[in-house]
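Working notes, structure below.
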Amino acid sequence: MTIPALKVEGLTVEIARGRESFRAVDDVSYALEPARSIGIVGESGCGKSISLRAIMGLLPDAARVVAGAVAVHGTGLSLEGKGAARQRRGHLAMIFQDPGTALNPVQKVGEQIAETPRLVLGETRGRARERALELLRHVGIADPERRYDSYPYELSGGTRQRVMIAIALASQPKVLLCDEPTTALDVTIQAQILRLLVDLREEMGLSVVFVTHELALVGQLCEDVCVMYASRLVETGPTPAVLERPLHPYTLGLLRSAVDLDEELEAPKPIPGSLPDPARRPSGCPFHPRCFLATPECASTTVTLTGLGDGRASACLHVERLLTEDGRALQEAAAKAAVKPQDPAGTAGGDGRG
Amino acid sequence: MSAPELATTGSSEQAVALEGFVVRSHPTLRKALRNRSLLTGGAIVGTLVLIAILAPWIARYDPLQQDLAATLQLPSWVHWLGTDELGRDVWSRLVWAARFDLATGFFVVLFPFAFGTLIGTLAGYYGGWIDTVLSRIIDVVMAFPYYVLIITLVFVVGKGIRGIFIAFALADWVTYARTVRSTTLVARRMDWAAAARSGGLSDRRIIVHHILPNTITQAIVYAMSDVVYVILAVVTLGYLGLGIQAPQPDWGSMIFDGQLFMTTRWWLSTIPGLCVVVTGIGLSLVGDGLADVLRPE
């Protein structure tokens, strides 16, 4: 068995809010094989970004890791303390969501890239500059000599994101953590940046964790996928299999709520309800109030991620039904059943006016 | 074609090119040259500073030279702004007072600026108990009314310039500390600070090269208005008899001395007062302009 590039085990993060505290990340575990990508998908607020920051040792003040372990190529990394982030140099680097806030506005971008080579890796000033120019070229920036002396505000969003990737690469990481790296960009630029990340992964043998709320992106980029809901992983497995036949109602809901241009034109089917407040998570399976398969037991039984063979796992009490029946049909039926009771009222209203 | 001519052309072209390069490659400088309030304020403050520096040549008499035979004279070609109650030339005193008051303003502000910025940065960056302790100290100093504190301190330490230095050093740094602390709190949570940390850079490097360039702007802008406050405080203290001691010319004591003759020699108080106002406007404009120019985009 190979040593995973990144192994996350039982990661649990608590955030204090006023006097109470809640779990923003609850017992999250996954392993990323070298030179592969894993996608972490979920709605905004499900805890996926916080989990990345916890791995990077960059949690905000109010949050702390209460349990868990992180190892890069077998080397354990500490999750606590101010120095934790600094220890990541050479192991992990992160690409942030918003290139607008991820570059220091008052420093030339070239200097921001050259800093780590010069001050941490001990290169001379000239060598560090060479290295920065090389990286700028590597991330596809034309005319790196000129761009070296640019300030972030002089650059477009896509170029800033490229610079940020160059900064991340300057610290020579083995694993790249991408926190929705394309959400803040135009669609055309998104495609370019994704292409760049794929190329870099291949050229440099990087392993990539890719956090996003778009399942389609994961389908293009990642061998494996983890679906996160309300701070927990609800389904994991190889991406093609998960997309083909989701084994958790939430994954199915995510798939169905996306607009699919390949299929015949069909309105997206959003998941009813909204993500619960992490401090007031429903009992039992946190997804049960929004779930079309929910039964009374779902509210009382604690579900955990259970292996199903072929590298797949799901945290659903009724996973048997999804294995044997057609999930889509089940969902359709449930949707119809949910609409029916309201129907007579709607018709009556129509009659009254007519 | 003579060689010297060529050389001249060449060097002036070089100079123009160099200037163009400097301006183009420094967006801040470019913005500064377009900023109207900075230019206006800079012109006012620049003129005042020039007058202050050139005081020995601009003043026409010794500002301490009394002439009891020629007191309270009207403005004339001999005494441009007349003489005061001791027969001293008002114009000369005004010019020397500019030198003294401006220098006092700038130097008094230096220590609070540097110390407050340091404390604010440490508190904001490190947080935790360091922040708790420093913030409580700031709160305690802030709890006193500003002028009451300054006046009390000057009274305790001793009047005159030494007292003013010490009083401001003790009381004035908290404003800088508080401003810088809050901007540091924001800056250190930015993703670029996180990226710098995960790139393995030391705290010192991050503070000096990443955080401070973003936070110090606020402190610099405040320092501009603070110079005005210090000059006003010196004037006020002078009025209370705690400030600059006679016979040192200073706008505050000139206002104070002149008020007895307000009805017949109004300019004795009014003109030094106007000097304070003009200095205030100039420095405020510079502060505003700097805030615009230095604000990161």
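Read-outs throughout are calculated quantities, based only on the coordinates presented, and are distinct from any laboratory measurement. Remember, predicted model here, so these are calculated numbers, not experimental data. Here the Cβ is made from the backbone with ideal geometry for all residues, glycine too, and neighbour counts use every protein chain on show.
With one equal scatterer per alpha carbon and no solvent term, the Debye-computed log10 I(q)/I(0) for the range A:263-320 at 0.22, 0.26 1/Å reads -0.93, -1.07. Within the range B:201-216, what residues put their amide N at less than 20 Å from the label point 7 Å along the Cα-to-Cβ vector of A:Thr75? Correct set: B:201-203.
Roughly how far apart, in whole Å, are the Cα centres of the range A:74-92 and the range A:263-331? Here the two parts' Cα centres lie 35 Å apart.
All alpha carbon pair distances within the range A:1-128 were sorted into 10 Å bins beginning at 0; the resulting P(r) in whole percents reads 11, 35, 34, 17, 3, 0.
Which of the lysines could be linked to A:Lys336 by a straight reach, that is with a Cα gap under 24 Å, when you skip same-chain ones fewer than 8 residues away? Cross-link targets: A:Lys269. Over the Cα atoms of chain A, compute the convex hull volume and normalise it per residue, giving Å³. Spread over its residues, the Cα hull of chain A gives 185 Å³ apiece. Distances between placed amide hydrogens fall under 5 Å for A:Ile95 paired with A:Leu177, A:Cys178, A:Asp179, all partners being 5 or more residues away or on another chain.
Give the Kirkwood hydrodynamic radius (Å, one decimal) of the range A:115-217, defined as one over the mean of 1/r across all pairs of different Cα atoms. All intermediate terms of the calculation are to be shown ahead of the outcome.
Numbers: mean 1/r = 0.0694 Å⁻¹.
Mean inverse Cα-Cα distance, inverted, gives 14.4 Å.
Whole angstrom only: what separates the Cα centroid of the range B:82-131 from the Cα centroid of the range B:35-52? Using only Cα atoms, the two centres lie 17 Å from each other.
Kirkwood Rh over Cα pairs of the range B:44-104 into Stokes-Einstein at 20 °C, 1.002 mPa s: D in µm²/s?
On the way: Rh = 11.7 Å.
Rounded to a whole number, D works out at 184 µm²/s.
From the helices alone, meaning DSSP H stretches of at least four residues, give me the mean residue ellipticity at 222 nm for chain B, per-run term -39500 (n - 2.57), in deg cm²/dmol to the nearest 500. One gets -24500 deg cm²/dmol as the mean residue ellipticity at 222 nm.
Comparing mean-square fluctuations of A:Asp277, A:Asp98, A:Asp143 from a GNM of chain A with C-alpha springs under 10 Å, the top value falls on A:Asp143. Straight Cα distances below 14 angstrom link A:Lys82 to the aspartates and glutamates A:Asp61, B:Asp203, with same-chain residues fewer than 8 positions distant left out.
For B:Lys31, go through the lysines and keep the ones whose alpha-carbon is under 26 Å away, minus same-chain ones fewer than eight residues off. The reachable lysines, counting only those whose Cα sits under 26 Å from B:Lys31, are A:Lys108. Couplings for the range A:167-180, taken from phi via the Karplus curve 6.51 cos²θ - 1.76 cosθ + 1.60 with θ = phi - 60°, read 4, 4, 5, 4, 8, 6, x, 9, 10, 10, 9, 10, 9, 6 Hz in order; Gly and Pro are left as x. Specify the inter-centroid distance of the range B:271-297 and the range A:125-158, based on alpha-carbon positions, in whole Å. Here the two parts' Cα centres lie 38 Å apart.
Distances between every pair of Cα atoms in the range B:161-286, grouped in 5 Å steps from 0 to the bin holding the largest one, split as 2, 10, 15, 14, 13, 11, 9, 7, 6, 5, 4, 2, 1, 0, 0 percent. With the convex hull of the Cα atoms taken as the outline of the range B:152-197, the averaged projected area works out to 4.2 nm². The value obtained for the protein assembly as shown, namely the Cα convex hull volume divided by the number of residues, is 288 Å³ per residue. Rounded to the nearest whole Hz, the Karplus-based 3J(HN,Hα) values (6.51 cos²θ - 1.76 cosθ + 1.60, θ = phi - 60°) of the range A:143-159 follow the sequence 6, x, 4, 6, 5, 3, 8, 7, 9, x, 5, 7, 9, 7, x, x, 5, with x at glycine and proline. Using every pair of separate Cα atoms, the Kirkwood estimate puts the hydrodynamic radius of the range B:257-296 at 11.9 angstrom.
For chain B, what does the equivalent ellipsoid look like in terms of its semi-axes, each the square root of 5 times an eigenvalue of the Cα gyration tensor, given largest first in whole Å?
Working from the Cα gyration tensor, I get semi-axes of 41, 32, 13 Å.
For chain B, a Gaussian network of Cα nodes joined below 10 Å ranks B:Val277, B:Val234, B:Val221 by mean-square fluctuation, and the top entry is B:Val277.
Relative to the Cα centre, what is the charge dipole magnitude of the range A:193-242, using +1 at the beta carbon of each Lys and Arg, -1 at the beta carbon of each Asp and Glu, and rounding to the nearest 20 debye?
Numbers: 3 positive and 7 negative charges, 32 e Å.
In debye, rounded to 20, the range A:193-242 gives about 160.
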